[in-house]
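Structure first, commentary second.
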Amino acid sequence: MTADLAAATSPSLPAGPTVLVPVGSIEQHGPHLPLDTDTVIATEVATRAAETLVAEGASVLVAPALSYGSSGEHQDFPGTSSIGTSVLHDVVVELTRSMRTWASRVVLVNAHGGNVAALRGAVRQLVDEGHDVAWVACATEEVDLHAGRTETSLMLHLRPAAVRLDRAEPGNTGSLGELLPLMMAGGVKAVSPNGVLGDPAGASAEEGAAVLAAMVGDVVAALGGGGGTP
């Protein structure tokens with residue numbers, strides 16, 4: 001059976017599946033990456049994790065992505081389309097309540113750091129209500145923070161035609177600890193006029209494939225082969 005929830009019919013759904021919900025954003029990713037970069041990454045990680053789990057015998061479906069996230073720190077850049085933390089929190093709560101009437105478990109697969117506060121709060125509330133729900137991260141910050149080498153490599157692997165390498169340029173390469181107070185006060189533009197936190201130089205599709213495989217492995221491991229608790 002397909003792992004794609006949207007393509008399934010209601011009678012074809014298995015009893016009590018786990019549903020993976022990709023959570024991304026529509027926000028600036030520098031002059032060279034598309035606005036839906038986080039959504040593309042979250043969807044691909046969730047899809048590949050589901051394929052692995054289904055092959056192991058688990059009942060897993062991938063829902064359509066929550067494409068709009070909490071991206072206020074990028075609001076100074078055109079194209080950024082944010083619904084904010086409180087609205088994202090409420091969307092996750094209501095969506096999970098709905099899905100849990102037929103799904104045994106809901107796991108949110110997140111690829112945007114700005115969504116974390118909403119996801120933590122929503123999951124805490126839902127667990128208190130008795131729901132089996134969790135969130136897991138598609139972490140890309142080991143090399144750079146935003147629109148640098150890691151995300152550029154991922155997009156060269158996943159959607160190469162959407163990457164404008166001729167426009168790629170470095171941004172602020174400081175650490176999160178150094179930049180976070182300034183970003184909280186003035187947004188990303190206060191520390192990086194081009195919106196890049198890191199340096200896309202050296203990015204490659206091959207590196208993107210390796211990073212993606214590692215992220216998928218992390219999500220599968222967090223899910224415990226379909227039976228664990230992230």
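The values are calculated or read from the model by the stated rules, or taken from the named source; none is laboratory data. Here the structure is a predicted model, which means the values were calculated and not measured. Glycine also receives a Cβ, built like all others from the backbone with ideal geometry; neighbour counts cover every protein chain displayed. These area figures cover heavy atoms from the full protein model, side chains too; ligands, DNA and RNA do not enter into them. Shrake-Rupley method; radii C 1.70, N 1.55, O 1.52, S 1.80 Å.
Figure note: I26, I83 ranked by solvent-accessible area, largest first, 1.4 Å probe, ligands and nucleic acids not counted: I83, I26. Helix 205-222 and the longest principal axis of the Cα set of the chain meet at an angle near 40°. Taking Cα atoms, how many degrees apart are the long axis of helix 149-158 and the longest axis of the chain, rounded to 10 and kept between 0 and 90? That helix lies at roughly 50 degrees to the long axis.
Only protein atoms count toward the accessible area here, which uses a 1.4 Å probe; on region 1-118, the carbon and sulfur part of that area reaches 56 percent. Per-residue ellipticity at 222 nm from helix content only, as computed over the chain with -39500 (n - 2.57) for each DSSP H run of at least four residues, stands at -12500 deg cm²/dmol.
Between E206 and A162, what's the calculated FRET efficiency when r is the beta-carbon distance and R0 is 22 Å? Round to 0.05. Efficiency for this residue pair is about 0.80. Heavy-atom accessible area with a 1.4 Å probe sorts H74, H89, largest first, into H89, H74.
Dipole check for the chain: with +1 at the C-beta of Lys and Arg, -1 at the C-beta of Asp and Glu, and the Cα centre as origin, the magnitude is about 420 Debye. Among L197, L180, L33, whose mean-square fluctuation peaks in a Gaussian network model of the chain (Cα, cutoff 10 Å)? Of the options given, L180 has the highest mean-square fluctuation. With bins 5 Å wide beginning at 0, the percent of Cα pairs of region 14-89 falling in each bin runs 3, 17, 21, 18, 15, 11, 8, 5, 2, 0.
Given the convex hull of the Cα atoms of region 4-141, what is a quarter of its surface area in nm²? Walk me through the intermediate numbers first.
Numbers: hull surface 34.4 nm².
The orientation-averaged projected area of the Cα hull of region 4-141 comes to 8.6 nm².
Computed on the Cα trace of the chain, the radius of gyration divided by the Kirkwood hydrodynamic radius gives Rg/Rh = 0.98. Farthest toward the positive end of the dipole of the chain, out of A7, A46, A118, is the Cα of A7, where the dipole comes from beta carbon charges about the Cα centre.
For a protection proxy built on the mean count of beta-carbon atoms within 10 angstrom, sort 151-157, 54-60, 198-204 highest first, please.
Details: 151-157: 26.3, 54-60: 15.1, 198-204: 18.9.
Highest-to-lowest ranking by the protection proxy: 151-157, 198-204, 54-60.
Projecting the Cα atoms of H32, S67, S175 onto the dipole axis of the chain, where Lys and Arg carry +1 and Asp and Glu carry -1 at the beta carbon, places S67 farthest toward the positive end. Rounded if a/c is under 1.5, else prolate if a/b is larger than b/c, else oblate: which is region 165-227, with a ≥ b ≥ c the root eigenvalues of its Cα gyration tensor? Taking the square roots of the gyration eigenvalues as a ≥ b ≥ c, region 165-227 is oblate.
Between A6 and V127, the simple spin-label model (points 7 angstrom out along Cα→Cβ) gives 3.0 nm. Gaussian network model of the chain, Cα springs within a sub-10 Å range: biggest mean-square fluctuation belongs to which of P78, P170, P17? Result for the chain, Cα springs under 10 Å: P78 fluctuates most.
Once the C-beta distance of D76 and V116 is scaled by a Förster radius of 22 Å, the resulting FRET efficiency is 0.60 to the nearest 0.05. Computed from point charges on the beta carbon alone (+1 for Lys and Arg, -1 for Asp and Glu), the dipole magnitude for region 1-73 about its Cα centre is near 200 Debye. Summed over the residues of the chain and divided among them, the accessible surface reaches 43 Å² per residue at a probe radius of 1.4 Å. When all alpha carbon pairs of region 97-159 are counted in 5 Å bins from zero, the resulting P(r) reads 4, 16, 22, 18, 13, 10, 11, 7, 0 %.
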